[in-house]
Amino acid sequence: MTDPRSAIPSVDRLLLDERFVALVRDHGRDRVVQATRGAVDDVREALATGEGPDAADDPALYARAVRARLEEADEPSLVPVINGTGVVLHTNLGRAPLAGEAVRAMVAAASGYTNLEYDLEQGRRGSRYDHCVSLLKELTGAEDALVVNNAAGALMLALNTLARDAGVAVSRGELVEIGGGFRIPEILERSGARLVEVGSTNRTRLADYEAVLEPESVQAVLKVHRSNFRISGFTEEATVEALAPAAHARGLPVIYDLGSGLLADPADLGLPPEPRPTEALIHGADVVVFSGDKLLGGPQAGVVLGRRELVARLRRNPMCRALRVDKTTLAALEATLRLYRRPEQALAGIPVLRMLAADAEALGERARRLAARLMEEGVPCDVMQVSGAVGGGTYPGVELPSWAIVPELPGSADRVAELLRLGTPSIVGRIIDDRLAIDVRTVLEGEEEDAVARRVVELRTQAAGR
Ligand SMILES: *Cc1c(COP(=O)(O)O)cnc(C)c1O
């Protein structure tokens, strides 16, 4: 018996087939040759294990496989996702969706040239680090500001500038991991600073800091906001307010890693108090760093606020160049910050704030409306009281009471979740009690809500048609 693999046509012969000629015209010769080799290999492997196709010599078989390969490779890797998880700052889903103003500013900056590093008044070279500075100063009362790529980078830059080859005092209760492998002791070490541990995990007093604050051995004090977990019970912590005078008396700066960068009033969001940049500065922090895409609701960025001479030193550090932000980020951040000039404008215009401020009653109303719409279109649909989270490593333990729709779709909850994830647009929900739930808090009203309804109806119809 002959080896069935001998029936496989050569790549050269396949390329002469008219279907392949058409593929080459649409996708280019190199890509088609590569995809054809892959398709031929697949068939050869399948035949070797006895699972091969009957007509291994049929060019149509390969043409179909090649087309599928090319189309799959044409799908973009980064695609929009509708967040039905109820976690507002979902790190895996890209944290903050941006305000319309920020998106428009990004598109305008991306589409052409900008004055990124050009002083229009003087007609000569300017600095990219001038943008957003006056707005940040106006909104927070800081003496100076600097924007870099992200908060982890901002912290690295601050430590490297102010405490390279020197000790930095940090409470043992603040040697935290923020997520994504970002651990304070490691960042500190990589910045070139030396960790000087203070106090204990649950209790660190001012006197513990004072015991190590010798300018010969320690060059800075680092305070880290425990943004993603809480400790309770027998605890004590030296506040920045208490710590700053002690550090300043010895000529040492206090660096405060705030994490979230909440600029809005937490009471307006129905959330408990959270340290904010303005208060951190008033309480005596000399350098404050925080994220642009957490509670601030802007693009990924690291914001540094602080004393003029210290921020100037950070700006002059060559490491700053390695952490620089691009023009679209600056455009989005500026547009987002501008909204904060009027608190009501920020609450209405910044999606993160709007989602956080949405109250359970209004969300219940939205879920019921969406469920009614689905039922009208033939999909039985429940609503369910659920509990979401702020996310992004902020407000640990705070639950956001919300409502979800629970459409009745054939198949297991896992299967339904998969179909929704892999569709267009992709929808990520949560499985609760073996049913797929979509929390309406994080689904943007309008286009996204319409898309959820359309996809759910589609899935139901497809299943009925089978
Ligand atoms: C999130 C967080 C960071 C990192 O911020 P990125 O902008 O993601 O780099 C640093 N410190 C704290 C306390 C945080 O919560």
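The values are calculated or read from the model by the stated rules, or taken from the named source; none is laboratory data. The structure presented is a predicted model; accordingly, all values stated were derived computationally and were not measured. All Cβ positions, even for glycine, are placed from backbone atoms using ideal geometry, and neighbour counts span all protein chains on display. The area values use the complete protein model at the heavy-atom level, side chains included, leaving out ligands, DNA and RNA. Shrake-Rupley method; radii C 1.70, N 1.55, O 1.52, S 1.80 Å.
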Task: Computed E for Q34/D414 - FRET, C-beta separation, R0 45 angstrom, nearest 0.05 - done: 0.85
Task: Förster radius 45 Å - calculated FRET efficiency between D12 and Y113 (Cβ-Cβ, nearest 0.05) - done: 0.40
TODO: Could you calculate the FRET efficiency of E376 with T461 from 1/(1 + (r/R0)^6), where r is the beta carbon distance between them and R0 is 22 Å, rounded to 0.05?
DONE: 0.95
Task: Cut-off 14 Å between beta-carbons: net charge of the residues surrounding P401, Lys and Arg +1, Asp and Glu -1 - done: -3
- [ ] Please report, in whole Å, how far the alpha carbons of the range 162-309 spread along each principal axis, starting with the longest.
- [x] 44, 37, 31
- [ ] Rounded to whole Hz and in sequence order, give me ³J(HN,Hα) for the range 301-306 from the Karplus expression 6.51 cos²θ - 1.76 cosθ + 1.60, θ = phi - 60°, writing x for Gly and Pro.
- [x] 6, x, 9, 10, 10, x
- [ ] Mind pulling the angle between the C-alpha long axis of helix 413-422 and the longest principal axis of the chain? Nearest 10 degrees, somewhere in 0 to 90.
- [x] 90
TODO: Quick one: work out the % antiparallel among DSSP beta bridges in the chain, nearest 5.
DONE: 55
- [ ] Mind jotting down the distance between the C-alpha centroids of the range 247-318 and the range 410-449, whole Å?
- [x] 36
Open item on the list: What's the ranking of 303-315, 239-251 by average number of surrounding C-beta atoms within 10 Å, highest first?
Closed with: 303-315, 239-251
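Would you mind putting 373-380, 289-296, 149-156, 50-57 in packing order, based on average other-beta-carbon counts within 10 Å, highest first?
Result, highest mean Cβ count within 10 Å first: 289-296, 149-156, 373-380, 50-57.
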Open item on the list: For the chain, what does the helix formula give at 222 nm: sum of -39500 (n - 2.57) over DSSP H segments with n ≥ 4, over the residue count, nearest 500 deg cm²/dmol?
Closed with: -13000 deg cm²/dmol
Open item on the list: Need one number: nm distance between label points at T201 and R324, each 7 Å from Cα along Cα→Cβ, rounded to one decimal.
Closed with: 4.4
Task: the range 337-405 and the range 186-238: distance between their alpha carbon centers, rounded to Å - done: 37
TODO: Between A211 and D58, with labels modelled 7 Å along Cα→Cβ, what's the label distance in nm to one decimal, could you check?
DONE: 8.1
Open item on the list: Can you give me the % of accessible surface on the chain that is carbon or sulfur? Probe 1.4 Å, all protein chains present, nothing else counted.
Closed with: 48
TODO: Counting only DSSP beta bridges with both residues in the range 46-199, tell me the antiparallel percent, nearest 5.
DONE: 45
- [ ] Give the angle, between 0 and 90 degrees and rounded to the nearest 10, that separates the Cα long axis of helix 240-249 from the longest principal axis of the Cα atoms of the chain.
- [x] 60
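Just the number, please: Stokes-Einstein D of the chain in µm²/s, Kirkwood Rh from C-alpha pairs, 37 °C, 0.692 mPa s.
Details: Rh = 25.8 Å.
Approximately 127 µm²/s, per Stokes-Einstein.
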- [ ] Run through all the Cα pairs of the range 185-258 and give the fraction in each 5 Å bin from 0, expressed as whole percent.
- [x] 3, 14, 25, 28, 19, 8, 2, 0
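Got the relative contact order for the chain handy, in percent, Cα pairs under 8 Å and 6 or more residues apart? Walk me through the numbers before you get to the answer.
Numbers: 830 pairs, mean separation 86.0, N = 466.
Averaging sequence separation for qualifying contacts and normalising by length gives 18 percent for the chain.
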- [ ] Treating the angle as unsigned and between 0 and 90°, give the value, to the nearest 10°, between the Cα long axis of helix 360-376 and the longest Cα principal axis of the chain.
- [x] 10
Open item on the list: Under 17 Å from a point placed 7 Å out from the Cα of F229 along the Cα-to-Cβ direction: which residues of the range 162-186 have their backbone N that close?
Closed with: 171-186
- [ ] Between E344 and R125, with labels modelled 7 Å along Cα→Cβ, what's the label distance in nm to one decimal, could you check?
- [x] 4.7
Task: Rg/Rh for the range 11-69, where both radii come from Cα atoms and Rh is the Kirkwood radius - done: 0.97
Open item on the list: Show me the ranking of peptides 227-233, 352-358, 266-272, 424-430 by mean Cβ neighbours inside 10 Å, starting with the highest.
Closed with: 352-358, 424-430, 266-272, 227-233
Task: Dimensions (Å) - the range 24-116, Cα atoms, principal axes, largest first - done: 59, 37, 18
